[in-house]
Every structure is written in C-alpha cells, then in structure tokens.
Amino acid sequence: MIFGRSERGKPPVEPVTLKILVAGGFGVGKTTLVGAVSEIKPLRTEEYLTEAGRPVDDTTGVEGKHTTTVAMDFGRITLRDDLVLYLFGTPGQERFWFMWDELSEGALGAVVLADTRRLEDSFAAVDYFERRSIPFVVAVNCFEGAARYPEDDVRQALDLDPGVPLLLCDARDRESVKEVLIGVVRHAMAYVSEHRQTVTT
C-alpha cells in the first residue's frame, strides 16, 4: 500500500517533506482542519473580529465566528515514516490574499475547503490554483445543518474541471482530514507525472 509504514528492522530514513496549502473562504474551517490533524501544537495567527471590520467581513452563515486568521495557520502530520506534510492554512479574507503568493511557493498541492452554504466564497481559491497550475482537491466541509447536494451539482456550481477530486469531510475529525490529505498527495503525484509525460512527448 502506498501509504504503509516502513518495514521493521530497517534503518530510519530521512523523511520527504511536502508542503500542502489549505485554502477557502472566510469561516469555512481551515484553522479547525489544520488543528484537527496536526501532530504538533499548530501555529495560529488569529485575531478577534472587530466592529471596524464588519463592513468587510461578511459573517452571514457563520454568525458564531469571533476570530479570523490574519497571516496563516501552520501544522505538521507524518503520513508514514518517510513522508511528512507541512500544512499552511491561508487567510480567507480578500484583504489578506496578497500573502497567498508567498505561501504557495514550493507547494505540492492544495485543499480548497468549501461550505455548501457559501460556495461562492470558494471561487477565488479555485481560480487561484487553476491559474497557477497547482494541483488541488475540493473538500466540502459537512457542517451540521448544512444542506447536502449531489456531487455533480457542487461541481457545476464551482465550475470544476472533471479531473479535480471532490471529497466530503468533517474538518473537526482527524481521520476524515487525513483522508483528504492523502487524496491531495495522490492527486498531486498523478498531476505531476501526467504533466512530465506531456512535456517529454
């Protein structure tokens, strides 16, 4: 199995480290996702929402949200003895998008976290990774009380390429998030392999 552990008795190997971005709209669960799966205490750069920010921070659908990421979230997870993922959660609000270029430097791939109550908030992230040819998956965060839609409807609403994986997840659940991250790595590896073949033929 591709994500199995190294055999016992073999000397330790220097792990390959891969950078994965976690992007999406404001309040979609990026900080929660990184925190749920990180094996270290995640670095968070959250600040409280203020009255001054109300005109630009649309909290419709996430009225219970009181903080926002202003730089990034950072976490780490070991998928197997020789494979470690570094997770970088991007800020969701438009005024912080200038940081995405630096955060995406050297990234293997990305997760675009989506909320079916605010799918339009995912457009910017989908467009960003498409334009820069960074392989990504879309993970629909299944919030309690949120409507469930057929995969084809979500794909159509986001105008996704058929080759982009669409997954369901619970950003609070470690095992659910791990499956999403495994999906990103597999998709990114296939994407890189396919594009190398295109270049060489």
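Some observations on this one:
- 14 Å cut-off, amide nitrogen to a point 7 angstrom out along ALA147 Cα→Cβ, residues in the range 116-133: 116-120
- Per-peptide average of other Cβ atoms within 10 Å, ordering 124-133, 14-23, 152-161 highest first: 14-23, 124-133, 152-161
No lab work stands behind these numbers, since they all come straight from the coordinates. Fair warning: this is a prediction, and the values are worked out from it, not measured in the lab. Reconstructed Cβ throughout: ideal geometry from the backbone, glycine too, with neighbour counts over all protein chains shown.
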